[in-house]
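Asks: Below you will find the structure I want to go over with you.
The values are calculated or read from the model by the stated rules, or taken from the named source; none is laboratory data. What you see is a predicted model; the values in this text were computed from it and never measured. Every residue, glycine among them, receives a Cβ derived from its backbone with ideal geometry; neighbour counts consider all protein chains shown. To get the accessible areas, we keep the full protein, side chains included, count just its heavy atoms, and leave off ligands, DNA and RNA. Shrake-Rupley method; radii C 1.70, N 1.55, O 1.52, S 1.80 Å.
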Amino acid sequence: MAASIPVPLAPDSGILGTIDTSVNGFMEPIATAFNDIVFFPLTIGDFSFPIVVAWLIIAGVVITCYFGFIQFRGLRVSAEVVRGKFSTKEDPGEVPHFQALTSALSGTVGLGNIAGVGAAMALGGPGATFWMILAGLLGMATKFAECTLGVKYREVHEDGTVSGGPFKYLPVAFQRFGSLPAKVLTGVFAVAILLFGVAGGNMFQANQTFAQVRNATGGEDGLMGSDGAALLFGLILAVLVAVVILGGIKSIGATTSKLVPAMAAIYILACGAVIAVNLENVPAAFGAIIEGAFRPEGFAGGILGVMIVGFQRASFSNEAGVGSAAIAHSAVKTRRPVSEGFVAMFEPLVDTVLICTMTALAIVMAGAPSLQAGIDQVQGGGGAPDGVILTSDAFATVLPWFPIVLAVAVALFAYSTLITWSYYGLKAWEYVFGRGRKREIAYKVIFLTFTVAGCILSFSQVISFTDAALFICAFVNLLGVYLLLPVIKREMKAYLADRKSGKLDILGIDDEDIEDAAPVR
């Protein structure tokens, strides 16, 4: 995810620089005020952190307890469903379970796993890794709940396409408050997702992809250093994106089912190489992580401060509770909604528990001087360093050319995130403006235009604004999930009972009169 990662500046002069400066100047007071509201700090002792992070973590704890730690006892079921054990080609929906999973993963596995983890190491030291892992495990339960609802209340259209996710289950959850409040709350969610999909999930990813390619080819003095190169790169990137997104979720699912495993393998192998070269440091690294989690001497806020850093970085990385992943998962081919809830649990497991942990281990074990320099910078009041540099330096301790591998991984992560967020934005667009071929084409033209713009302009204040908009979704989405927890529990109990008895069929449950908006008990 894109939160809190710096973007390169636009040109200092010329018409592009003027446009970028003007837009940022206009948006700065708006973005600042909006960020102050959305990321309003909760202060405990001498340490402050955004209240939205507490909202996300509390949800993970509540949902974990409500479903009896389903993220641990349901992993075997998850693996069975991903393999397609209980599925057929005739099931309603657009993509199989595995493609729904990779589509959603491509929207979360991104720059936050690289730059975000590096920043967390500087802010909270190795101990932040422990709390990131714990937050990832809690996020598995949240993803289970929201993605079950995404399928439960989806709409399968006559042409076989699907509209689902929070756009469908939030009106059901909020109907007890009346029709108008339900429409307003769902509309706020849709507009926030749309804004982030077009700018934050699009411009930012394009911007960072170009930045990495430019750095890998000699920087501002290299092949990609000119404004013309940025425009050409943006056009090529837009064409590559268009080739995928014009085919809809089926095309996105087919692409991500190959791209996500490939990019994860490249990155994990790179991290594994760093760890293998420093194998003798494994015990010390784990010791530093555990000790730093519970005895973080020298870090602001002590244990609580390090815990918050880890939780915050994990929450920003895997998006559990934001509701975005439920949009991709709702397109799955299944007759049993809770089956996709089990699949969705793999997202935080891969995104945070596996990939973020591998990044943290590589940084800690490599022991590059930039890590301690980053920690000293933070403790000296200088702010967090660029996390990509910390990760890149860790790779460079193995072989000097390893940062090129990182550049490839960053580009793949950014590209996959970009195409998935195009789909999320489209579904929000359809909710706001209605379905239709012309409306869909208009959206995709706008989206691709912003892809090109992202390579030549920073619009940093716009991206800051949309980052905050995305987390508005967490407040709205989790409130709706809370109200529908009893519905999920009934689905879960029926599914697990059928599996245990050997009667888990592919026909789904019979239609029944369910009080979908029943109060939580």
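Asks: Over the Cα atoms of region 382-453, how large are the radius of gyration and the largest Cα-Cα distance (Dmax), in Å?
Replies: Using the Cα atoms of region 382-453, the pair Rg, Dmax is 18.3, 53 Å.
Asks: For region 62-219, compute the orientation-averaged projected area of the C-alpha convex hull (one quarter of its surface), in nm². Mind showing how you got there, number by number?
Replies: Details: hull surface 55.0 nm².
The orientation-averaged projected area of the Cα hull of region 62-219 comes to 13.8 nm².
Asks: Can I ask one more? Per-residue accessible area for Thr21 at 1.4 Å probe radius, Å² rounded to 10?
Replies: Around 100 Å² of this residue is reachable by solvent.
Asks: Can you pull the percent of region 455-503's accessible area that's carbon plus sulfur, 1.4 Å probe, other chains left in place?
Replies: Working: 1010 of 1610 Å².
Within region 455-503, the accessible surface is 62 percent carbon and sulfur.
Asks: What ranking of Phe69, Phe49, Phe26 comes out by heavy-atom accessible area, probe 1.4 Å, highest first? It would help to have the intermediate numbers written out before the result.
Replies: Values: Phe69 105, Phe49 20, Phe26 140 Å².
Heavy-atom accessible area, descending, gives Phe26, Phe69, Phe49.
Asks: Something else: For the peptides 194-202, 136-144, 246-254, 429-437, what is the packing order when you average, over each peptide's residues, the other Cβ atoms within 10 Å and list the highest mean first?
Replies: Numbers: 194-202: 25.8, 136-144: 28.4, 246-254: 18.8, 429-437: 14.4.
Result, highest mean Cβ count within 10 Å first: 136-144, 194-202, 246-254, 429-437.
Asks: Keeping all protein chains in position, work out how much accessible area Leu485 exposes to a 1.4 Å probe, and write it in Å² to the nearest 10.
Replies: Number for this one is 0 Å².
Asks: Next question, about the same structure. Cα centroid distance between region 439-489 and region 129-171, in Å?
Replies: Going from one Cα centre to the other spans 15 Å.
Asks: When the solvent-accessible surface of protein heavy atoms is calculated with a 1.4 angstrom probe, in what order do Glu94, Glu280, Glu291 fall, highest first?
Replies: Working: Glu94 25, Glu280 130, Glu291 90 Å².
Correct descending sequence by accessible area is Glu280, Glu291, Glu94.
Asks: Can you give the accessible area of Val388 in Å² (nearest 10), computed on protein heavy atoms with a 1.4 Å probe?
Replies: Its accessible surface works out to 20 Å², give or take rounding.
Asks: Can you sort Val191, Val462, Val241 by 1.4 Å-probe accessible area, starting with the largest?
Replies: Numbers: Val191 70, Val462 25, Val241 0 Å².
Per-residue accessible area, sorted high to low, gives Val191, Val462, Val241.
Asks: Using 25 Å as the Cα-Cα cut-off, could you pick out the over-long pairs in Lys152/Lys183; Lys85/Lys427; Lys143/Lys444; Lys143/Lys438; Lys85/Lys489; Lys333/Lys489?
Replies: Numbers: Lys152/Lys183 19 Å; Lys85/Lys427 29 Å; Lys143/Lys444 28 Å; Lys143/Lys438 33 Å; Lys85/Lys489 22 Å; Lys333/Lys489 21 Å.
Table pairs above 25 Å Cα-Cα are Lys85/Lys427; Lys143/Lys444; Lys143/Lys438.
Asks: Calculate the translational D of region 45-129 in whole µm² s⁻¹ from Stokes-Einstein, where the hydrodynamic radius comes from the Kirkwood formula applied to all Cα pairs, the temperature is 25 °C and the viscosity 0.890 mPa s. Spell out each step's value before the answer.
Replies: Details: Rh = 16.6 Å.
For these conditions, the coefficient is 148 µm²/s.
Asks: Calculate the radius of gyration of the Cα atoms of the chain to one decimal place, then report Dmax, the largest Cα-Cα distance, as a whole number, both in Å.
Replies: 22.1, 70
Asks: Ignoring ligands, DNA and RNA, what accessible area per residue does the chain give at 1.4 Å, in Å²? Each step should come with its number before you reach the end.
Replies: Working: 20070 Å² over 521 residues.
Averaged over the residues of the chain, the accessible area is 39 Å².
Asks: Now for a different question. Pop out the carbon and sulfur fraction of the accessible area of region 123-180 as a percent, whole number, probe 1.4 Å.
Replies: The nonpolar share, carbon plus sulfur, comes to 61 percent.
Asks: While we're here: Taking the alpha carbon gyration tensor of region 165-230, what are the square roots of 5 times its eigenvalues, largest first, to the nearest whole Å?
Replies: 44, 9, 6
Asks: Using a Förster distance of 41 Å, how high is the FRET efficiency between Ile268 and Glu440, based on the Cβ-Cβ distance and rounded to 0.05?
Replies: Working: r = 36 Å, r/R0 = 0.88.
E(calc), rounded to 0.05, equals 0.70.
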